[in-house]
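What follows is a single structure, written as C-alpha cells, with notes after it.
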2 protein chains.
Amino acid sequence: MPLTIDQLNAATADEAVALLDGVYEHSPWIAARALVSRPFRSLAHLKHALVQAVAHASREEQLGLIRAHPELAGKAMVSKSLTAESTNEQNKAGLTDCTPEEFAKIQQLNADYNAKFGFPFILAVRGPRGTGLSKREIIDTFERRLHHHPDFELGEALRNIHRIAEIRLNDKFEATPELGNVVWDWQEKLAVHTDPGYAEKGQLTVTYLTDAHRACAAQIADDMREAGFDNVQIDAVGNVVGRYEGATPGARTLLTGSHYDTVRNGGKYDGRLGIFVPMACVRELKRQNRRLPFAFEVVGFAEEEGQRYKATFLGSGALIGHFDRNWLDQKDADGISMREARANAGLKEEEIAAIQRDPARYLGFVEVHIEQGPVLNELDLPLGIVTSINGGVRYVGEVIGMASHAGTTPMNRRRDAAAAVAELILFAEQRAAKDGDSVATVGMLEVPAGSINVVPGRCKFSLDIRAPNDPQRDAVVRDVLAALKEITDRRGVRYTIEEAMRAAAAPSAPEWQQRWEKAVDALGVPLFRMPSGAGHDAMKLHEVMPQAMLFVRGINSGISHNPLESSTNDDMQLAVQAFRLLLDNLAAEAAH
Amino acid sequence: MPLTIDQLNAATADEAVALLDGVYEHSPWIAARALVSRPFRSLAHLKHALVQAVAHASREEQLGLIRAHPELAGKAMVSKSLTAESTNEQNKAGLTDCTPEEFAKIQQLNADYNAKFGFPFILAVRGPRGTGLSKREIIDTFERRLHHHPDFELGEALRNIHRIAEIRLNDKFEATPELGNVVWDWQEKLAVHTDPGYAEKGQLTVTYLTDAHRACAAQIADDMREAGFDNVQIDAVGNVVGRYEGATPGARTLLTGSHYDTVRNGGKYDGRLGIFVPMACVRELKRQNRRLPFAFEVVGFAEEEGQRYKATFLGSGALIGHFDRNWLDQKDADGISMREARANAGLKEEEIAAIQRDPARYLGFVEVHIEQGPVLNELDLPLGIVTSINGGVRYVGEVIGMASHAGTTPMNRRRDAAAAVAELILFAEQRAAKDGDSVATVGMLEVPAGSINVVPGRCKFSLDIRAPNDPQRDAVVRDVLAALKEITDRRGVRYTIEEAMRAAAAPSAPEWQQRWEKAVDALGVPLFRMPSGAGHDAMKLHEVMPQAMLFVRGINSGISHNPLESSTNDDMQLAVQAFRLLLDNLAAEAAH
C-alpha cells in the first residue's frame, strides 16, 4: 500500500516520523522538523518542507547528515551493513559488480575526497530519470566534484541527499513522475541527432538546417502527431508548428514553444524543454479527449542560438515578421550560404512572409525554459517565475598604458594597463551587486603577448551588463563607464571601448506572470520570482504580444551550454503540472 | 670667445642672465632663478640648476615655457620669425626643406597635437649625439608621442626643452662632449652587426656565437687595441678581455665590463655602454701615457641575455667558475647545439676552466650600465648610484573558479576566477608600493578561451616580485601569497602557483658604492641612490668579490629591450668622467 499525503497529515507526530523512516539516512530529526509544516498540500510540498528542515539546520547537523551516509562502494557495501535503501541504490548502479580496477579507483577517490572535504562522497546514483547512472558516469562525476571548493561541495552533497530522498519518497508514495518521464524520453530521443563531427565525441550540436537539425524537426513533428495535435507543419524557416484546436472554431490561440537548435557541445534541455512540456499537456488533453475554449499552438523554433549563421532568434523572429534577407547570403564555416542550406531543405523564400502571426488572433505567449543558472538549484526550488528578461549591453575594450621593465619601473612610475582593468573588474562587480539583480561580467581578459617581467602596456577586456529593465541597466553602464574614465585618468593610461550588442529588457506581462504564479502555488511549491539573465524566444514575441516565462531548475549548478546541463524527471513533471494548471485556469477564466 | 663657468660665476645677476640669453626660448626667468645656486662647480651643475628652476616652477609657468616655443616646421618657420637658435636647429633637421607631402603631414600632426595637449610639439631635433635627427625620425617620434597621456607628454616636452638647452649651452661654452662622442661612435659602429633576419628590418639582435656576435667581438677587440690596451684576447667562452697593465707588474687588478650580446630587436646601449665607457678611460690614460698603481681589466661579456640558448650570464659566470656543461647540449631554434656553435667559433671546451679568476688578484668589480628604467629620466638626472641589485622571485599561477552564464549567475553566486586575480593584482601593487623600493608585477594575465557572456572559470597570471634585499623581498612575497589565499578562500575559488625563478639580491659593497658617489659628486651633479631592478653581470661577480654599479640615464622613458632605448653623448661624457675620477681617486688611495 503506498503512503498518501492525507495519511501523513492525519498521523501523530511519532507515527509520521515512522512513516518517513529511511528517506533521510539515519536522520529522523529531519522528518520531525519538517512535520511542523503540516498539513502538506502535495508531495512536492512535503519534499520542500524536508529540504527546508535541512537548510535551517546547523552546519554541524548538516555535516552529521552527510556523514551518516555510507561511502560509495565502500566498506559498508563490502560488509553488507548498508541500509536497505542504500543497498538497492548501489546495486542498481552496478557498484556491487565493480571490476577490481574500478573498485580500486573508487577507493582512491573516496580517500582523496574524504581527505579534502572531511565527509563521504554522496551521489544520487539513481540519477535524474530515476534509473541508474553508469559506473563510468559515477566515476567521472566523482573526479569532477573532487575539484570543487569545500563550501560548494557541502551544498552539492546536500542536494544529492535531497535527490536521493526524493526518489525514496516517490517509491514510498508510488508517485512515479509519469509525464516528467514522457518529457525526459522525448528529450533523449531527440538528443540522438547531432551534427557531423560531434557524434563521435559524444557531443550534442544541432545547428540550423543541417541533416541533424532536419531530423530533429521531423522527430518533433512525429512526436507531436503521436501526442494528438490536430495539425503539424514545418514552416518556411524550419519551425515545427503543432496546433491543438479549441472547442470552437475561430477561438483565439495561446502560443507557446521554444527552440530545438543547440550551441556546439550543448545540453539536451536548453530550448527543447519548452517544446516538450506543452506537448505533454496536449497529450493529456487528447487522452482525456478534452478541448479548451482556446486553440493551443506549440512551436519548436528552428534557430535561436545563431551558431551556424549569425541569425540569432531567426525562428521566433519570423513569427513577428523579422526576417533579414541579408542572412541568406551569410556563409557557414564550410562556405555554404543560408540560401543554399534552405534550398537543400526545400524551404521556400516566398513563404517566409506568411509565417508572421496576427497578434489579434493570439491570447499571448508563454515559454518554459531551463533556468541556465544556479539560483533555483542553490535554493532547492524546482520552479521559478520569470519577472523580466533582462536587457543587456556588451562592450569590448582595451586599456593602453606603457609597457616597461618589471624590475626597473618603480610602482609610482607605472602605467600598468592590467592594474587599471583589475580596478574596473572589481568596480563593475560591486556596482552590479549593489542592485541585487543586475549583473556585470568581464568574461574576456588578456594582456596580449604578456611577459612575466614586463609591466602590461595593454590589456583587453569585455564587459557584459544586464538588468531587469533598461533604466536600471543604463544606470549600471553609466557608472561603470564613468569608473573606467576615472580609473584610467587617475592612472595616466588611456582606453578604447566599443559597444558590441544592446538588447532591451522584456518585462513579463503582469497578468501572464500571475497565471504562472497561480499555477505554481497550486502545486504546493513556494513561489520564487526572478529575472531571466539569458535571452529567450519570448523576447521576440514580447514585441507583439504579452508574454511570461516559467523556469525549471537546472542541476549541476545550473550549468548551461555544456553537456553537464541537466534536469530531473520530477522537476519536468512539476513543469507539466504547472502548465496544465495554467491551461485549466485560463479555461476557467474564459468560462466566466 | 666661449663662455666659461668662472665668467658666469663672477658676473652680476643681470649680466649672467644676459650671458645665458637664448638657452631657454623667450624665458629669461629660468636663468634668473637658477643663478641663485651660484657658484656653479661645473657646466653639469649649471645645467642641473636650470632644470631645477623649471621643475620648481608652477604648472602655468611650465606651460608658458612650452608655449614660448615655435611649432615644428610651423608658421613661424615659414614667416621666418624664429629665434636664431630655432632657425639653426630646424635647418639642420632639414625641416626648412620639406616636400609638400611632408610639410602637410607635419601640419596635420601639429594640429592634432595642439588639439590634444594644448601646447606645441617640442622635439630636440639635434638629437642625442648633437647631430640632426632625420625627417623620418622626427615624424615617427611625433606620431608616437601623440599617443601619450597628457601628464606624461608635459614632462616629455620639458625634457626635450632641457635637451635643446643643453645643446645650446654646449655651443655657448664650446663644451663638446668629446669622450661621450667617442663612446657614441663605438656604439654606432658595433650596432652595424646584427643576426640574419633582423638587418632587413633594421633591428639589432646579437645572440651568442652567431656571425654577428663574433663580428662584434672582433670589433671590440680591434677598438680596444686601437684605444691602447696592452693585451686583448677573446677567451674560451667568447668574452673579449682587454688589459691595461698597472705601473708595477703583479699589482692587483680592477675588473669592469658588461655584455655585448643583445635581446631580439633590442637597444644599442644595454650592456655595451659598460664596455665602451672604461675603454674611453683607457684611451685617455694611453694618450697621457699614464699608468695606474693597479691593472685595469675591461671585459666584454659574450652572453648575458640568454636568448639563443638558455644560459643567462654565461659570460660573467665563466669568470667565477660557473659554466654548466649541460648547456653544451642545448639547441637553438635552428637545431644547432651550443657545442656545434662553439666548435664553429673555434672555442675550446678544455680552456673554459682557465677563465676562472682568482679573486685575491682583484680589487673588485665595477660596472656601468644604462638604467633600463624611467627614474633618472623623470628626475632629470644623468647618473644614478646603485645601492643593490634587487633580489627577485617569479611565479606562474592560475585561479580556478566556476565558469557560468554571465546573464543567469547572480553576482552573489559567482566564483569568478578573473575577479579574484584582479584583487590579487591590486593587492600586490599596493603592497609593493608601501615599501617604496619593492616592485610587484602581474605581467601575464589571461582568461583562457574567455567569452563575453561567460563568468571566467579560470584565470592565469604571473607574479614577479623584487626588492633590494632578500628579507624585504620575502616579506612582500609572504604578504602577497597570504592575500592570494585569503582572496580565494573568501571567494570560494582555488588556485595553483609555482615558483619559476628565485635570485638573491646583490647589495653594493659600501666602499665601492662610496667611490662612485665621490666621483659623481665631484662632477657637480647631485647624488641619487637607487636599486637596480634588473639583473646584471655584477650579480655574478658579486659572488666572489666586492662590486658596485653606476647607472646612466636612459631617455625615452628609460625604455629598454627595445630599439627606442637611447642615451645622449652628454650623459656618456659624464659617465666617462665619473669613471676617470673613480680611477684617479683609487690611484690616490693606493698612494696613501
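Annotations
- Residue in the stretch B:281-303 that is open to solvent by 10 Å² or more (accessible area, probe 1.4 Å), under 30 Å from residue B:249 (Cα atoms), free of Cβ contacts under 8 Å to residues at least 24 places away in the same chain and among the charged types (D, E, K, R) present: yes
- Members of the stretch B:322-332 that are in contact (Cβ under 8 Å) with a residue 24 or more places away in the chain and closer than 15 Å to residue B:302 by Cα: B:322, B:323
- Scan of the stretch A:556-567 for residues that are within 14 Å of chain B (Cβ to nearest Cβ), in contact with a helix residue (DSSP H, G or I) (Cβ under 8 Å, 6 or more places away or on another chain) and at negative phi, ordered by number: A:564, A:565
- Per-region count, the stretch A:327-380, residues within 14 Å of chain B (Cβ to nearest Cβ), over 27 Å from residue A:264 (Cβ atoms) and either open to solvent by less than 10 Å² (accessible area, probe 1.4 Å) or β-branched (Val, Ile, Thr) (or both): 0
- Residue in the stretch B:146-163 that is touching a residue at least 40 places away in the same chain (Cβ under 8 Å) and open to solvent by 50 Å² or more (accessible area, probe 1.4 Å) present: no
Each row is one residue, and each column tells you yes or no for (1) at pLDDT below 95; (2) of a type in the set (Val, Ile, Thr); (3) farther than 23 Å from residue A:51 by Cβ.
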{"site": "A:138", "(1), (2), (3)": "yes, yes, yes"}
{"site": "A:146", "(1), (2), (3)": "yes, no, yes"}
{"site": "A:172", "(1), (2), (3)": "no, no, no"}
{"site": "A:190", "(1), (2), (3)": "no, no, yes"}
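- Pairing each residue of the stretch B:366-385 that is over 21 Å from residue B:256 (Cβ atoms) and part of a loop (DSSP other than H, G, I, E, B) with any residue that is basic (Lys, Arg) and modelled with pLDDT under 95, provided the two are 6+ apart or on different chains, yields C-beta distances under 6 Å for B:374/A:413.
- Qualifying position, being farther than 30 Å from residue B:246 by Cβ and in contact (Cβ under 8 Å) with a residue 40 or more places away in the chain, among B:481, B:564: B:564
- Each residue in the stretch A:282-305 was checked for being farther than 30 Å from residue A:202 by Cβ and either in contact with a Ser or Thr (Cβ under 9 Å, 6 or more places away or on another chain) or not in a helix (DSSP H, G or I) (or both), and 10 pass.
- The stretch B:95-151, subset out of contact with any helix residue (DSSP H, G or I) (no Cβ under 8 Å at 6 or more places or on another chain) and among the basic types (Lys, Arg), residue farthest from residue A:403 (Cα to Cα): B:136
- When the stretch A:523-546 is limited to residues that are within 14 Å of chain B (Cβ to nearest Cβ) and part of a loop (DSSP other than H, G, I, E, B), the one that is most open to solvent (accessible area, probe 1.4 Å) turns out to be A:528.
- Residue tally, condition free of Cβ contacts under 8 Å to residues at least 12 places away in the same chain and in contact with a Leu (Cβ under 7 Å, 6 or more places away or on another chain), over the stretch B:70-108: 1
- In the set (1) touching a His at 6+ places or on another chain (Cβ under 9 Å); (2) within 25 Å of residue B:555 (Cα to Cα), the condition left unmet by residue B:314 is number (2).
- Considering (1) open to solvent by 10 Å² or more (accessible area, probe 1.4 Å); (2) in contact with a strand residue (DSSP E or B) (Cβ under 8 Å, 6 or more places away or on another chain), the lone condition that residue B:407 does not fulfil carries the number (1).
- Filter result (in contact with a helix residue (DSSP H, G or I) (Cβ under 7 Å, 6 or more places away or on another chain) and among the β-branched types (Val, Ile, Thr)) within the stretch A:23-55: A:23, A:30, A:51, A:54
- When residues of the stretch B:381-404 are limited to those that are facing chain A (nearest Cβ under 10 Å) and polar (S, T, N, Q), the one least open to solvent (accessible area, probe 1.4 Å): B:390
- Inclusion of residue B:306 among residues that are small (Gly, Ala, Ser), within 14 Å of chain A (Cβ to nearest Cβ), farther than 30 Å from residue B:525 by Cα and touching a Lys or Arg at 6+ places or on another chain (Cβ under 7 Å) is not warranted.
- Among the residues of the stretch A:405-418, those that are in contact with a Lys or Arg (Cβ under 7 Å, 6 or more places away or on another chain) and either of a type in the set (D, E, K, R) or at the interface with another protein chain (Cβ under 7 Å from one of its Cβ atoms) (or both) comprise A:407, A:415.
- Of the strands (runs of 3 or more DSSP E) lying entirely inside the stretch B:424-522, none contains at least 3 residues that are within 8 Å of chain A (Cβ to nearest Cβ), farther than 25 Å from residue A:147 by Cβ and not polar (S, T, N, Q).
- Within the stretch B:170-203, considering residues that are outside any helix (DSSP H, G or I) and open to solvent by less than 20 Å² (accessible area, probe 1.4 Å), the one nearest to residue B:264 (Cα to Cα): B:195
- Only one of A:515, A:478, A:494, A:466 that is farther than 25 Å from residue A:589 by Cβ, at pLDDT 95 or above and surrounded by 17 or more Cβ atoms within 10 Å (Cβ to Cβ): A:466
- Annotation: of all residues in the stretch A:1-18 being buried (at least 16 other Cβ atoms within 10 Å of the Cβ) and in contact (Cβ under 8 Å) with a residue 40 or more places away in the chain, the one that is farthest from residue A:55 (Cα to Cα) is A:3.
- The selection criterion, being within 13 Å of chain B (Cβ to nearest Cβ) and open to solvent by 10 Å² or more (accessible area, probe 1.4 Å), does not hold for residue A:549.
- Selection within the stretch B:547-580 - in a helix (DSSP H, G or I) and of a type in the set (Gly, Ala, Ser): B:557, B:558, B:575, B:578
- For residue B:433: the one exception among (1) of a type in the set (A, V, I, L, M); (2) surrounded by fewer than 24 Cβ atoms within 10 Å (Cβ to Cβ); (3) in contact with a strand residue (DSSP E or B) (Cβ under 8 Å, 6 or more places away or on another chain): (3)
- Condition check for residue B:583: buried (at least 18 other Cβ atoms within 10 Å of the Cβ), more than 12 Å from chain A (Cβ to nearest Cβ), assigned to a helix (DSSP H, G or I) and in contact (Cβ under 8 Å) with a residue 12 or more places away in the chain: yes
- When the residues of the stretch A:219-240 are filtered to those that are in contact with a Lys or Arg (Cβ under 7 Å, 6 or more places away or on another chain) and part of a loop (DSSP other than H, G, I, E, B), the one that is most open to solvent (accessible area, probe 1.4 Å) is A:230.
The values are calculated or read from the model by the stated rules, or taken from the named source; none is laboratory data. None of these values were measured; they are calculated from a predicted model. Here Cβ is always computed from backbone atoms with ideal geometry, including for glycine, and neighbour counts include all displayed protein chains. Just so you know, the surface numbers come from the protein's heavy atoms only, side chains and all, with ligands and any DNA or RNA stripped out. Shrake-Rupley method; radii C 1.70, N 1.55, O 1.52, S 1.80 Å.
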